[in-house]
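Worksheet for the structure shown next.
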Amino acid sequence: MAVPPLCQPVVLFLGTTGCRFSEMAALRVDDVVQTPHGLGVRVHRAATQSKRTSGAVFGPTKTHQTRTVPVPAALDEYVRTRVAFTAPGGFLFPSPTGGVWTNTNFRARSGWTEATRRAGVEGTTIHDLRHTAASLLIAAGADVKAVQVILGHSTATMTMDLYGHLFSEATWQAMERLPVIPLMQTPRAIEPPPSR
């Protein structure tokens, strides 16, 4: 899907991490952390769009929880560059003015409606990128708990209620990935007892 260059990291981040748009919009370079496993972002606030003023209003995440989300490899260089060249407190995914994105200004600036039409996915919403991320994570073999943590669901049950149907295929894929064990032989068919 072709969106302007400034909007591409946002689409890629939302479509691979499953963060809510409001969580992405509130991320600052100070939220980037180095973990033993690689770069992550601490998701602990949200910038929701006010229905009254249409501006961003900062507050807690939907679940009022803090989580660390891995930075996808495709965005590693982008994130490192932002951290290196942005003053503390600057947004990790800034709008063209360096400020916070709102859903409305992102849709307008990205040409979202036209971009999704050209990509053949007309009607796709920005929130649908969250579902895309969940599907990609499950297809990659992530377990329920990992998907729950990355998406910020309050419970694994909620994750299963929303995406359980996708794990059914993952079960078969997991079995196919088991290594071949040389000691295992195909059991012979059970022969019927001799007739009398």
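The values are calculated or read from the model by the stated rules, or taken from the named source; none is laboratory data. Here the structure is a predicted model, which means the values were calculated and not measured. Glycine also receives a Cβ, built like all others from the backbone with ideal geometry; neighbour counts cover every protein chain displayed. The accessibility values were calculated without ligands, DNA or RNA, using every heavy atom of the protein model including side chains. Shrake-Rupley method; radii C 1.70, N 1.55, O 1.52, S 1.80 Å.
Checked against (1) loosely packed, with under 15 Cβ neighbours inside 10 Å; (2) within 14 Å of the chain's Cα centre (by Cα); (3) over 16 Å from Val3 (Cβ atoms), Val149 passes all but condition (1). When restricted to residues that are crowded, with 22+ Cβ neighbours inside 10 Å and either more than 11 Å from the chain's Cα centre (by Cα) or under 16 Å from Thr124 (Cα atoms) (or both), region 8-19 contains 3.
Cβ-Cβ contacts under 7 Å between residues 6 or more apart (or on different chains), taken from a first residue in region 123-136 that is under 21 Å from Thr104 (Cβ atoms) to a second residue that is at pLDDT 85 or above and part of a loop (DSSP other than H, G, I, E, B), are listed as Arg130/Gly18; Arg130/Arg20.
For Arg130, the test of being surrounded by 14 or more Cβ atoms within 10 Å (Cβ to Cβ), in contact with a Cys (Cβ under 9 Å, 6 or more places away or on another chain), at pLDDT below 90 and not aromatic (Phe, Trp, Tyr) is passed.
Of all the listed residues (Lys51, Lys62), the sole one being within 20 Å of Ala134 (Cβ to Cβ) and open to solvent by 40 Å² or more (accessible area, probe 1.4 Å) is Lys62.
Results for (1) under 13 Å from Phe21 (Cα atoms); (2) under 15 Å from the mean Cα position of the chain (by Cα), shown as yes or no for each residue.
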site	(1), (2)
Ala47	yes, no
Phe58	yes, no
Thr66	no, no
Val71	no, yes
Asp76	no, yes
Arg82	no, no
Phe85	no, no
Phe91	no, no
Gly99	no, no
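Can you confirm whether region 160-167 contains a residue that is of a type in the set (Asp, Glu), at pLDDT below 85 and more than 18 Å from Glu23 (Cα to Cα)? Scanning region 160-167 turns up at least one residue that is of a type in the set (Asp, Glu), at pLDDT below 85 and more than 18 Å from Glu23 (Cα to Cα). Got at least one residue in region 78-88 being closer than 16 Å to Pro9 by Cα, surrounded by 18 or more Cβ atoms within 10 Å (Cβ to Cβ) and either free of Cβ contacts under 8 Å to residues at least 40 places away in the same chain or among the small types (Gly, Ala, Ser) (or both)? No, every residue in region 78-88 fails to be closer than 16 Å to Pro9 by Cα, surrounded by 18 or more Cβ atoms within 10 Å (Cβ to Cβ) and either free of Cβ contacts under 8 Å to residues at least 40 places away in the same chain or among the small types (Gly, Ala, Ser) (or both). Here Leu92, Leu136, Leu162 are screened, and the one residue that is surrounded by 20 or more Cβ atoms within 10 Å (Cβ to Cβ) and either closer than 23 Å to Pro36 by Cβ or of a type outside the set (Ser, Thr, Tyr) (or both) is Leu92. The single condition from (1) open to solvent by 30 Å² or more (accessible area, probe 1.4 Å); (2) not in a loop (DSSP other than H, G, I, E, B) that Leu39 fails is (1).
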